[in-house]
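These notes are about the structure you will find just below.
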Amino acid sequence: MHSNDRRSNSGSALLTVLWLTAALSAIGLAVANNVRGETERAATNVDDVKAYFIARGAVERAGMRMFWGQDYFTSTTVAMDLPFPNAQVRVEIIPESSKLGVNSSPPEEIRRLLVALGFAEDRAFDITEAIVDWRTPLQPEHTSPFDTFYLSQSPSFLPRHTSLSENEELLLVKGITPDLYFGASLDNSRAGLRDCISPFSNGSAVDVNTARAETLVAVGLSPEDAATIVKSRQEHPIIDYKELASLQQSLGPAGVRLRVGGAFMYTLRSTARLKRPDGTLSDMRRTVAALVKLNYAGNPQGRPPGFDVVRWYDRN
């Protein structure tokens, strides 16, 4: 074999080895990246589960603290900050009395609420009519003009024509979209209908310390007065009825629609943020919520003091 042939064969073999080495390196790098990605996703899932159970435990802890006396909970408590070894949790205390009564509020208040949430007058009017139609019993000889719409849906259905039993039922009402119902749920920057209306509120008065500005406008306050109340209560919640009476007088007829504190139905919304090894808060957070009924001592049902979970929300 000539020397040139031997050199050619050696060069081809070396080139083949180099190509194989490059291919194996690329495969190894791809496998390493895939393993690293899966490891990071697994770690994220573990953190998500951890944050979920911490947030859930915080709801239970907050519910118990509501019975531990005024050092832990009063009618003006709007949130509890609860420390955990691996997380920091904030539990918002939202009385259902901070919302309009979906079954009892007059149509003009529901319409004002929808306008305050940013919807045009004509759409607010149409949605208000649909809500009132849903909650209104029908006489056998009459039919609802909205029934044709519901029967045209897939799957088709008929409205109950009775009082709403839970907030989520509103999602079935004509014109109510998930965006309108939920608002900006991640950062709570824009209220949704669920934040402002409830079947568990009698609608007679709303809690001055927790009602959304949109709800305050719905009961008759001007947008300016509502904004002033929301801003001032962050620094100085109204804690006694003399202060409330003074505020009511300054607001005129709409002032009588304000109250201090809730009754016995509350939403506890818990947001947990995990801590990094250095103690700083991570970006991992998880929010859950529970609608609870408080059973105070001597309640008419004769139940032992404590709370019952009426509805649980794993994602809120």
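The values are calculated or read from the model by the stated rules, or taken from the named source; none is laboratory data. Worth saying up front: this structure is predicted, and the values here are computed from it rather than measured. Glycine gets a Cβ as well: all are built from the backbone with ideal geometry, and neighbour counts include every protein chain shown.
Some notes on this structure:
- Some residue of region 63-79 being assigned to a helix (DSSP H, G or I) and within 18 Å of the chain's Cα centre (by Cα): yes
- Which numbered condition Glu235 fails, given (1) closer than 20 Å to Phe53 by Cα; (2) without any contact (Cβ under 8 Å) to a residue 12 or more places away in the chain: (1)
- In region 211-294, counting only helices (runs of 4 or more DSSP H) that sit wholly within it, the ones holding 1 or more residues that are closer than 24 Å to Tyr181 by Cα and touching a Leu at 6+ places or on another chain (Cβ under 7 Å) span 213-218, 223-235.
- Residue in region 300-308 that is at pLDDT below 90, closer than 22 Å to Gly203 by Cα and out of contact with any Pro (no Cβ under 7 Å at 6 or more places or on another chain) present: yes
- Scanning region 96-116 for residues that are basic (Lys, Arg) and in a helix (DSSP H, G or I), we see that the one that is farthest from Phe146 (Cα to Cα) is Arg112.
- Qualifying residue in region 136-157 (condition: touching a residue at least 40 places away in the same chain (Cβ under 8 Å) and either farther than 21 Å from Cys196 by Cα or of a type in the set (A, V, I, L, M, F, W, C) (or both)): no
- Enumeration of residues in region 222-247 that are closer than 16 Å to Ser97 by Cβ and in contact with a helix residue (DSSP H, G or I) (Cβ under 8 Å, 6 or more places away or on another chain): Ile229, Ile238
- Scan region 96-144 for residues that are polar (S, T, N, Q) and buried (at least 21 other Cβ atoms within 10 Å of the Cβ) and the total you get is 4.
- For region 188-210, the set of residues classified as assigned to a loop (DSSP other than H, G, I, E, B), within 13 Å of the chain's Cα centre (by Cα) and surrounded by 14 or more Cβ atoms within 10 Å (Cβ to Cβ) consists of Asn188, Arg190, Ala191, Gly192, Cys196, listed by residue number.
- No other residue among Val89, Val46 is over 22 Å from the mean Cα position of the chain (by Cα), of a type in the set (A, V, I, L, M) and farther than 24 Å from Pro305 by Cα apart from Val46.
- For region 278-316, the set of residues classified as touching a residue at least 12 places away in the same chain (Cβ under 8 Å) and surrounded by fewer than 11 Cβ atoms within 10 Å (Cβ to Cβ) consists of Arg315 only.
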